[in-house]
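The structure under discussion appears below in the form of structure tokens.
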Amino acid sequence: MTISVRRGTSGDTLPPITTPPLQQAGQSSEASQQQDSENSVVQSDDNTASLLLPNGEVAFPLAELSKLDEMINRPRWVVPVLPKGELEVLLEASIKICRAELDTKSEECQRFFRDGLTTSFHKILNDEAVNGWKYDIHKAILKNTEKLVELCVTKLQQDWFPLLDLLSLIFNPMSRFNIYNGARPSESVPQGAQVLKIQFMPDLLMPGHQRDGL
């Protein structure tokens, strides 16, 4: 569209002002969105490719898996929970593989879920010796537990039962680990802070409804 403006009677005419068509702006926006989408697809493909071996198989830390299996099956078993230990390395690899939806294509990853991961957390959360472990060991167990929760959330829509069983285990308030650490002062809530309480009203509301506590 071209707009011409005439001023006064001298016959002088301002040069025409040309405005770009609105359609062109819309096309530019669509082209930009399409480019962003293509870049996202390329980035996703690159991330997936980085998880594959040259032969097309899913890359999984086999050395760490073998070491973990050996350690947890000893008569005097050990679960490597410290930072950069075998358990943490395997958890981080599993999270990446699950996000790329490649975990079902890796027998080693599935075996880790069924055996090494399950056995490790049953041992560290319910062992009778939990009261004698050092504080840094408890912190390391907590960090590994947070990674396990992240892994479970990644697989939540697929109802992968070994991970759902572990999810119930780590949130079980009666596990030895939770009982022992439940007596510690809170690190996130200051001592003496007022905590909101919830009270159920079984007579007045439908089952499952709640109200704010006093």
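Just so it is clear, none of the values below were taken in a lab; they were calculated from the coordinates. Values in this document were obtained by computation on a predicted structure and should not be read as measured data. Every residue, glycine as well, gets a Cβ built from its backbone with ideal geometry; the counts of neighbours run over all protein chains shown.
You can think of it this way: the chain between Arg99 and Val153 has 18.4 nm of extra reach, that is 0.36 nm per residue less the Cα-Cα gap.
Provide the packing ranking of 177-188, 130-141, i.e. peptides ordered by the mean count of other C-beta atoms within 10 Å per residue, highest first.
130-141, 177-188
Test of understanding: what is the full-extension gain from Gln191 to Ile137, defined as 0.36 nm times their sequence separation minus their Cα-Cα distance?
On the way: separation 54, 0.36 × 54 = 19.44 nm, distance 2.40 nm.
This chain segment gains 17.0 nm when fully extended.
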